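Have a look at the structure below before the remarks.
The values are calculated or read from the model by the stated rules, or taken from the named source; none is laboratory data. All figures in this text were calculated on a predicted structure; none of them were measured in a lab. With ideal geometry, Cβ positions are generated from the backbone for all residues, glycine too; neighbour counts draw on all protein chains shown. Surface accessibility is based on the protein's heavy atoms, side chains included, excluding ligands, DNA and RNA. Shrake-Rupley method; radii C 1.70, N 1.55, O 1.52, S 1.80 Å.
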Amino acid sequence: MFKSKRRRTSGAMDSKPAKKESIEAIIVDSGAYSIKAGLSSIKKPNVIPNCIMKAKSERKRLFLGNQINDCRDCSGLYFLLPCEKGYITKWDVQKPVWDYVFSHNVCPINEKPVIMTQPLFNFKSIQDCMDEIFFEEYEVPSMFRLNPTDLGRLKYIEDNNFTQDVPCIIVDTGYSFTNIIPYINGNKYLRGIRRLNVGGKLLTNHMKDIISYRQYNVMEETFVINQVKEDTCYVAKNILEELKVAAKSGSENTIVKNYVLPDFNNIRRGYIQDSSDLSRKEYEDNCQILRLNNERFIVPEILFHPSDIGMKCMGIAEAVVKSIYSCPNEYQEELCKHIILIGGNCNFPGFKERMYNELRSQLPHSWQVHVFQPKNPVSYNWEGGSSLLKVPDFKTYMVTKAEYEELGSTIIQQRFNTWMIDNSEIKEETREKEEILSYLDNLKDKSVFGKQEPGENVSKTDSDESDTNIQTSDGNMNNTGQNVSDENNQDSLCHNSETDIGSKLKKTQLKTNENATETLDEFYLEEEECEDLRNSVDLFPLGNGSYL
Amino acid sequence: MTISKSTLRGSNRIKENDKRRIVDETSRKRRHRKIMELLESDNYHDDPHADLVMSKKIPKFDDNLEHRNTRTKKKERTTEYYQFKYRKNFQQLVDEDRAEAELNKRVSYMDIQCEESPLPPRHFCAVCGFLGQYNCLSCGTRYCSIRCMDTHMDTRCLKWAA
């Protein structure tokens, strides 16, 4: 009885300092590999593996999240991961992990509002389930859900005292994929978003592969090799130079390192062997040692060149450049000044420098390029949660339990998904698709197109067009303006393709000179066609998308 | 005499045939796809507890939930409930999302996939990891030297992922 009393008082102590801030919420950045969770009042989140692990040595126990720290022998760990390519599909795994995270062990909900992250374009069925779990099972009083990079952007703006509409581009390179998301006027610019299917998981698995082929069979040691990757890998400045050094022998080779593998007896986590340190020598003799040479930089290189392992996909730096160029012209230069790198893969030493070098060499020299990488790229998004709480009237954006019960999942999800991607963005979405459709309709007779090219062409002309359009600082005004320009644009597109298809026809029209205004129109179009030669289908039958 | 000659000749022909079996383009692609799938897999080995028969004595997840006493008993649900209700796999989710996105004319998960790079791919030796200039005739794997070629022939070529 005495015991229970004590526990209660400690619980009360926990919630006391919370009341200082106006809104106190629990912020959860639920990633595919780790959950970052904690009260908004604390500085650093708890980072907990988002998985259930089974060890060979302890047969009657499952390890949830950070319980793995209690596991004595972490060899041959078997992972149960809730996510597939970053999206939750295995609820029988996710639910227990969440149960654990929101229990008294880590971060109890205690009737506090919850801010939760979800991946880009989270599927409806997943959102339904999240709603059900949080509102019905955990009975949270109110909740808000958004993409992790939204929080990262808010944090970036708050830390640097920028205005809310500063354009920035966020590179989020995580466990399952790498997303590149440009933000314009506080909204995601959907046309500029890119995804690489390269993440930490793929890198670890690849490393496992090559080590198993060259040295020991470590195919079952995902957990250990992930640590090896974290401890030894780095991003090379220039891979050819680095390969030359790695090919040397003896003391000239500064890259080769011996890594002492953990034996889970004396050594719990492996480390790079230091030949001058004799104190450890004793038990190192009985340990297995990995000799790592070019593996150290070849593995992270996949991020920059997925084609190294035969993936048909461009590298991370190329994709950033591509993303910048698919944004409206007037924002491109500004975007280069705010490139933010977040996610676990940023922890490779030299990642930021390499990104800067590659971007610098691929962007126009008159543009200033600035790459920002926070000190802790893993929890940066989580830290943005407290910035979100400072947004004026944020409370009104939250969805309460009563609203959920009254309105149901579908309506509240619209609210979650349209606050940050607000109305202008949705209009933009529809607009974009319409454009593509109409453009395709115009060119139906020509069968030279793949799926991507028309979009690229459209975006090109569109950004050219909007150059002439006067931009207002207000988001909404801006949007209507763009819509107007868009109509113009569509018109001109139609004409353009007409001229493309039937230039002969046009010439005959010109000769007949039926109507003065019409010929004027035609002349104008003729001029425009000259300007937009790059967009002409006849010149680049395969589309000019890849040459941008 | 004649018998041995004919068998020799015959065996030579068979030897010649066996020497270079060249894997065609489709099976090379299939191989590559298999490798990519392996790179996305969570585990390489089988569940070490698969042979365990769950008995009542083994603690279950629900055992450590006693703290949430505010929750009404009625609303408590098992993990199986969620897994059953939302059991769609990833491909189903993508397909559904795509159909819905097309209907509403919005950008979807599939649309943001990166395009292929215009730059030519680099080639690394599959054995040692340095730049590999040469192709294996049979399977197309890259290698850099005779030594690596021999290793490749002895260990991997045509031996894995048929």
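Once C-alpha pairs closer than 8 Å and six or more residues apart are averaged by separation and normalised to the residue number of the stretch A:201-303, the relative contact order reads 32 percent. Shielding of peptide B:116-126 by partners, expressed as the average count of other chain Cβ atoms within 10 Å per residue Cβ, is 6. Amide H contacts for A:PHE372 (H built 1.01 Å from N in the peptide plane; partners 5 or more residues away or on another chain; cut-off under 5 Å): A:ILE339, A:ILE340, A:LEU341. The figure for A:CYS74 is an accessible area of roughly 0 square angstrom, using a 1.4 Å probe on the protein chains alone.
Remark: the stretch A:387-392, residue by residue, has Karplus-estimated 3J(HN,Hα) of 5, 5, 5, 7, 4, x Hz, where x stands for each Gly or Pro and the curve is 6.51 cos²θ - 1.76 cosθ + 1.60 at θ = phi - 60°.
For q values of 0.18, 0.20 Å⁻¹, compute log₁₀ I(q)/I(0) with the Debye formula on a Cα-only model of the stretch A:201-303, without solvent. Computed log10 I(q)/I(0) values: -0.90, -1.08. For the stretch A:27-34, 3J(HN,Hα) computed residue by residue from phi via the Karplus equation (6.51, -1.76, 1.60; θ = phi - 60°) reads 10, 10, 9, 8, x, 6, 10, 9 Hz, glycine and proline entered as x.
Karplus-derived 3J(HN,Hα) values for the stretch A:108-119, using 6.51 cos²θ - 1.76 cosθ + 1.60 with θ = phi - 60°, are x, 6, 6, 6, 9, x, 10, 10, 10, 9, 9, x Hz; glycine and proline are entered as x.
Taking amide H as placed 1.01 Å from N in the peptide plane, A:SER41 has its amide H under 5 Å from the amide H of A:ALA25, each at least 5 places away in sequence or on another chain. What the stretch A:201-303 shows is 47 Å² of accessible area per residue, with the surface traced by a 1.4 Å probe over protein heavy atoms. For the listed residue pairs A:LYS188/B:LYS105; A:LYS43/B:LYS88; A:LYS54/A:LYS401; A:LYS257/A:LYS312; A:LYS36/A:LYS201, the alpha carbons are over 28 angstrom apart in A:LYS43/B:LYS88; A:LYS54/A:LYS401; A:LYS257/A:LYS312.
Summing both sides, how much accessible area is buried between B and A? Use a 1.4 Å probe and give Å² to the nearest 100.
Chains B and A together bury approximately 7600 Å².
Site pair B:ASN104 and A:PHE264 shows an inter-label distance of 4.6 nm when each label is modelled 7 Å from Cα along Cα→Cβ. Taking amide hydrogens as placed 1.01 Å from N in the peptide plane, the amide H of A:VAL114 sits under 5 Å from those of A:ILE26, A:SER142, A:MET143, A:PHE144, each at least 5 positions away in sequence or on another chain.
Remark on the stretch A:292-312: accessible area falls by at least 50 square angstrom from chain-alone to full-complex state for A:ASP308, A:LYS312, probe 1.4 angstrom. With a 10 Å cut-off around each Cβ of A:185-195, the average count of Cβ atoms from other chains is 2.
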